[in-house]
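The values are calculated or read from the model by the stated rules, or taken from the named source; none is laboratory data. Values in this document were obtained by computation on a predicted structure and should not be read as measured data. Cβ sites come from the backbone with ideal geometry, for glycine too, and all protein chains shown count toward neighbours.
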Amino acid sequence: MEAAQAQWVKVHPLIVRVTHWINAFGILIMVASGWRIYNASPLFPFRIPNELTLGGWLAGALQWHFAAMWLLVINGIAYVTYGIVSGHFRRKFFPLTPATVFHDVLGALRGKLAHDDLSVYNAAQRAAYLAIIVCAVVLVFSGLAIWKPVQLQEITAIFGGYESARVVHFLTMALLVLIVVVHIAMVILVPRTFPTMITGRARRAS
Amino acid sequence: MKRRTMETSLAGHSPKLIRSIERRLFLKQGLSLGALALLSGCELTDDEGVQRLLMGMSGLNDRAQGWLFNPNKLAPEYPESAITKPFPFNAFYSVDEVTLVDGKDYKLELEGLIREKKPWTLPELYELPQTSQITRHICVEGWSAIGKWSGVRFSDFLARIGADTSAKYIGFTCADDYYTSIDMATALHPQTLLTFRFADQVLPPKYGFPMKLRIPTKLGFKNPKHIMSMFVTNEYPGGYWEDQGYNWFSGS
């Protein structure tokens, strides 16, 4: 019995798994409804196909966007508070240097990045997950800048005004979507990481 | 039943043709299934339970915005050089369908919790102390434009007509069948103006002649044009877009 248990290692704590999946659900709603809102007055000379959007029309999309906003903010506060207070961020994301990130990204591109111990993130993962957190923070503040350019005009001013806050909000969304696409591609390439994000455990590589 | 009819009608044709038609039908059905799956986003939004949840959240957002609203926080004002030219026209109809109101016969009707309900003619309104602002109009669609509006401070007008400013709402009905309503705190904001002029000219029909309530602390659709009557009330009056699902408070 003990020998069998010893083969499993705990990789992701419960709170990380729960906040991860709430986040995945919330971001899907935010991005799909945000694309519909974008289509009402496109910033760039292209539109997002309506089939990929959520809400049916502008009012519906806005309802989704401003409902999921609360879910994501509460979830994000829970995750970041846990990450800082428990030392999760310090242990999992650091140390992190540009050289190690470069080395591991190159390794990943060559298909030579080892995933022996899923409880330790490689430098490419560390950089990507930290970038997602930074993107989320920029999205929240640029979103507030667009939503409340009078009441929270100090935040809007940080982004250089209402119109540039819209551009920042859109481009940060694009960056976040890009990272998520790479993230999902990596999960497909290393499928055993997927059940780990649900059960929290991984079989120790022998 | 259907299948048998098809087989009968195809009787006499080569099995190869039948297979090809069947294959095409299968593909077509597969495509409709795919389209249905893609539509699920819309269908999800149409679901009654989801609708209730979304409307509930929109009500929560009304309260959150009411709480966040600072009656002393001023919308940024801009220099004349920042004015957007030409200023965009926007309504639920096209610019060639703009309502033309006859200024000579015009009277602003007052109803509800107001002491002096005497209707106001345009010359009477033009005689009130006027003020100007150059502010950013932000549309719910996302675009924005800077314009100059002039008129009477709405809080002064409300004081003059003896409006009950402890009431919750002020509603507006417009010549183009538009209607909307705002909260009292926003109505009393120093930058909320009952405007008669745009870019130093009499408000042209496309921008809302004879008057537009300019509220720089709210989205564009909360700024009614062609106002015919206004009423003070404690009963939620809704609005043209608000009743279709747009957030009621829609503050900036």
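Looking only at region B:224-240, filter to residues that are touching a strand residue (DSSP E or B) at 6+ places or on another chain (Cβ under 6 Å) and in a loop (DSSP other than H, G, I, E, B); which one of those is surrounded by the fewest Cβ atoms within 10 Å (Cβ to Cβ)? Steps first, please.
Here is the first cut: in region B:224-240, the residues touching a strand residue (DSSP E or B) at 6+ places or on another chain (Cβ under 6 Å) are B:224-233, B:237, B:239-240.
Narrowing the set further to residues that are in a loop (DSSP other than H, G, I, E, B) leaves B:224-226, B:237, B:239-240.
Numbers: B:224: 26, B:225: 26, B:226: 24, B:237: 20, B:239: 21, B:240: 16.
Here the residue is B:240.
When region A:188-206 is examined, which residues are found to be under 18 Å from the mean Cα position of the chain (by Cα) and closer than 16 Å to residue A:119 by Cβ?
Applying the first criterion (under 18 Å from the mean Cα position of the chain (by Cα)) to region A:188-206 yields A:188, A:193-194, A:196-198.
Matches in region A:188-206: A:193, A:194, A:196, A:197, A:198.
Within region B:213-223, can you find the residues that are more than 11 Å from chain A (Cβ to nearest Cβ) and in a loop (DSSP other than H, G, I, E, B)?
First, the residues of region B:213-223 that are more than 11 Å from chain A (Cβ to nearest Cβ): B:213-214, B:220, B:222-223.
Once the filter is applied, which keeps residues that are more than 11 Å from chain A (Cβ to nearest Cβ) and in a loop (DSSP other than H, G, I, E, B), region B:213-223 yields only B:223.
Consider residue A:48 carefully, then state whether it is modelled with pLDDT of 95 or more, of a type outside the set (Phe, Trp, Tyr), more than 30 Å from residue B:144 (Cα to Cα) and surrounded by fewer than 18 Cβ atoms within 10 Å (Cβ to Cβ). Give the derivation first.
Numbers: modelled with pLDDT of 95 or more: yes; of a type outside the set (Phe, Trp, Tyr): yes; more than 30 Å from residue B:144 (Cα to Cα): no; surrounded by fewer than 18 Cβ atoms within 10 Å (Cβ to Cβ): yes.
So residue A:48 fails the test.
When you look at residue B:144, is it of a type in the set (Ser, Thr, Tyr), out of contact with any helix residue (DSSP H, G or I) (no Cβ under 6 Å at 6 or more places or on another chain) and modelled with pLDDT of 95 or more, yes or no? Give the derivation first.
On the way: of a type in the set (Ser, Thr, Tyr): yes; out of contact with any helix residue (DSSP H, G or I) (no Cβ under 6 Å at 6 or more places or on another chain): no; modelled with pLDDT of 95 or more: yes.
Against the criterion (of a type in the set (Ser, Thr, Tyr), out of contact with any helix residue (DSSP H, G or I) (no Cβ under 6 Å at 6 or more places or on another chain) and modelled with pLDDT of 95 or more), residue B:144 does not qualify.
Mind checking which residues of region A:115-156 are among the small types (Gly, Ala, Ser) and buried (at least 17 other Cβ atoms within 10 Å of the Cβ)?
Initially, region A:115-156 is screened for residues among the small types (Gly, Ala, Ser), giving A:119, A:123-124, A:127-128, A:131, A:136, A:142-143, A:145.
Selection gives A:123, A:124, A:127, A:128, A:136, A:142, A:143, A:145.
Based on this model, can you work out whether residue B:247 counts as within 14 Å of another protein chain (Cβ to nearest Cβ) and touching a residue at least 24 places away in the same chain (Cβ under 8 Å)?
Criteria met by residue B:247.
Among the residues of region A:51-82, write down those that are free of Cβ contacts under 8 Å to residues at least 40 places away in the same chain and more than 9 Å from every other protein chain (Cβ to nearest Cβ).
A:65, A:74, A:77, A:81 - these are the residues of region A:51-82 that are free of Cβ contacts under 8 Å to residues at least 40 places away in the same chain and more than 9 Å from every other protein chain (Cβ to nearest Cβ).
Given A:18, A:105, A:85, A:9, which one is touching a residue at least 24 places away in the same chain (Cβ under 8 Å), more than 14 Å from chain B (Cβ to nearest Cβ) and surrounded by fewer than 19 Cβ atoms within 10 Å (Cβ to Cβ)? It would help to see each step written out before you state the result.
Working: A:18 fails: touching a residue at least 24 places away in the same chain (Cβ under 8 Å); A:105 fails: touching a residue at least 24 places away in the same chain (Cβ under 8 Å); A:85 fails: touching a residue at least 24 places away in the same chain (Cβ under 8 Å).
The match here is A:9.
Within region B:36-63, can you find the residues that are at pLDDT 90 or above and either at the interface with another protein chain (Cβ under 9 Å from one of its Cβ atoms) or in contact with a helix residue (DSSP H, G or I) (Cβ under 9 Å, 6 or more places away or on another chain) (or both)?
Answer for region B:36-63, where residues must be at pLDDT 90 or above and either at the interface with another protein chain (Cβ under 9 Å from one of its Cβ atoms) or in contact with a helix residue (DSSP H, G or I) (Cβ under 9 Å, 6 or more places away or on another chain) (or both): B:50, B:51, B:53, B:54, B:55, B:56, B:57, B:58, B:60, B:61.
Does residue B:210 satisfy the criteria of being in the same structural domain as residue B:122 (by TED's automatic domain parsing), under 11 Å from the mean Cα position of the chain (by Cα) and touching a residue at least 40 places away in the same chain (Cβ under 8 Å)?
Answer is no for this residue.
How many of the residues making up region A:162-202 are within 14 Å of another protein chain (Cβ to nearest Cβ) and among the aromatic types (Phe, Trp, Tyr)? I'd like the intermediate steps shown before the answer.
Step one: of region A:162-202, the residues within 14 Å of another protein chain (Cβ to nearest Cβ) are A:162-170, A:173.
Applying the additional criterion that residues be among the aromatic types (Phe, Trp, Tyr) yields A:162, A:170.
Number of matching residues: 2.
Any idea how many residues of region B:66-79 are assigned to a helix (DSSP H, G or I) and facing chain A (nearest Cβ under 8 Å)? Full working, then the answer.
Just the residues of region B:66-79 that are assigned to a helix (DSSP H, G or I), to begin with: B:66-68.
Applying the additional criterion that residues be facing chain A (nearest Cβ under 8 Å) yields B:68.
Here the count works out to 1.
Residues that are acidic (Asp, Glu) and touching a Pro at 6+ places or on another chain (Cβ under 9 Å), at least 2 per element: which helices (runs of 4 or more DSSP H) completely within region A:45-151 meet that?
Numbers: elements: A:58-85, A:88-93, A:98-109, A:123-147.
By residue number, no helices (runs of 4 or more DSSP H) qualify.
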